[in-house]
Amino acid sequence: MVKTSLPLTGFFFLLLISSSFAADTGGLFLTVVNHCPFTVWPAIQPNAGHPVLEKGGFALPTNTHRSFSPPTTHWSGRIWGRTGCSHYNGKFSCVTGDCGNRLECNGLGGATPASLAQFDLHHGGHRDLSSYGVSLVDGFNVPMTVTPHEGRGVCPVVGCREDLLRTCPAHLQLRSGHGGHVVACKSGCEAFLTDELCCRNHYNSPQTCRASSHSLFFKHACPSTMTFAHDSPSLMHDCSSPRELKVIFCH
């Protein structure tokens, strides 16, 4: 019997393909997509004890996307979009969502108001759950949704597709400059700074922290978002082993 064998180059080619396939299966990707008619500067902040992803921020021109892999172990954090960013006199700054005048936030949080996508990845043991949700607790600056792919269980698309800058009540509007156009919509907490609206002190419990007329503005427009500090925890969805979680601006 004559035995055939692959040439050495063919062997290494197959090894490369199989290695790439192995590396590309079973992992979770986070993908940020910008469908807005303007550049968005995504920012990423890990929760305490978790690593910074993608240096914490980058520019994302209109109709482009960027994919990256979070750790294969437990990771939690948030993603938001910064708008109106520019370099001026050697300083980088954003009109909304700014993180200490940095392009790469490197762990810093962002200025409010801002729409937030929140994640808690690779928890739940053998079920490998990834939880996600969109929060308007800190206000709104850009439409945002989270779309899971290939997960098992209850894995809905959530978020806020509406451009709330068009309908934001006057007392919640954040305007650029003096009397400029509306760039963000504040939460009731940020607008009035009361313990009741901010769910602080006596009001910091599910029993005393309640929806307000301000949070109901956000809830009526975007019912699948969290709109005050003790809003329904069921709005953080547990999806088992998703292949990809897409954060989409202006979806």
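Read-outs throughout are calculated quantities, based only on the coordinates presented, and are distinct from any laboratory measurement. Because the structure is predicted, anything quoted here is derived from the model rather than measured. For neighbour counting, all protein chains shown are included, and Cβ atoms are generated from backbone atoms with ideal geometry for every residue, glycine included.
Please list, by residue number, every one of the trypsin sites (Lys or Arg not before Pro) in segment 117-165 that is coil in DSSP and has at most 15 other beta-carbon atoms within 10 Å. Mind dumping the intermediate values first?
On the way: sites: Arg127, Arg152, Arg161; in loops: Arg161.
Passing both the DSSP loop test and the Cβ count: Arg161.
Dipole size of the chain about its Cα centre, with +1 on Lys/Arg Cβ and -1 on Asp/Glu Cβ: approximately 300 debye, rounded to the nearest 20.
Relative to the longest principal axis of the Cα atoms of the chain, helix 8-24 runs at roughly 30 degrees.
If you take every residue apart from Leu136 with its C-beta less than 10 Å away from the C-beta of Leu136, what net charge results, scoring Lys and Arg +1 and Asp and Glu -1?
On the way: positive: Lys219; negative: Asp138, Asp231.
Net charge in that neighbourhood comes out at -1.
Near Pro46, once Lys and Arg are set to +1 and Asp and Glu to -1 for all other residues with Cβ below 15 Å from its Cβ, the sum equals -1. Residue by residue, segment 168-185 carries 3J(HN,Hα) couplings of 4, x, 4, 6, 10, 6, 10, 10, 7, x, 9, x, x, 6, 6, 10, 6, 10 Hz when phi is fed to the Karplus relation 6.51 cos²θ - 1.76 cosθ + 1.60 (θ = phi - 60°); x denotes Gly or Pro.
Note on the chain: GNM, Cα springs under 10 Å; of Pro113, Pro206, Pro51, the largest mean-square fluctuation is that of Pro206.
Backbone geometry of segment 106-118 corresponds, through the Karplus equation with coefficients 6.51, -1.76 and 1.60 at θ = phi - 60°, to 3J(HN,Hα) couplings of 6, x, 6, x, x, 6, 8, x, 7, 6, 10, 9, 10 Hz, x marking Gly and Pro. Distance between the modelled labels on Ser131 and Thr31, one decimal in nanometres: 2.6 nm (7 Å Cα→Cβ projection). Suppose a student asked you for the relative contact order of the chain, using Cα pairs under 8 Å spaced at least 6 residues apart; what percent would you report? So the answer I get is 21 percent.
Taking the Cβ of Val33 as the centre, find all other residues whose Cβ is under 9 Å away and add up their charges (Lys, Arg: +1; Asp, Glu: -1).
Working: positive: Arg66, Lys246; negative: none.
Combined, the nearby Lys, Arg, Asp and Glu give +2.
Across Asn106, Asn63, Asn201, mean-square fluctuation computed from a Gaussian network of the chain (C-alpha pairs under 10 Å connected) peaks at Asn201.
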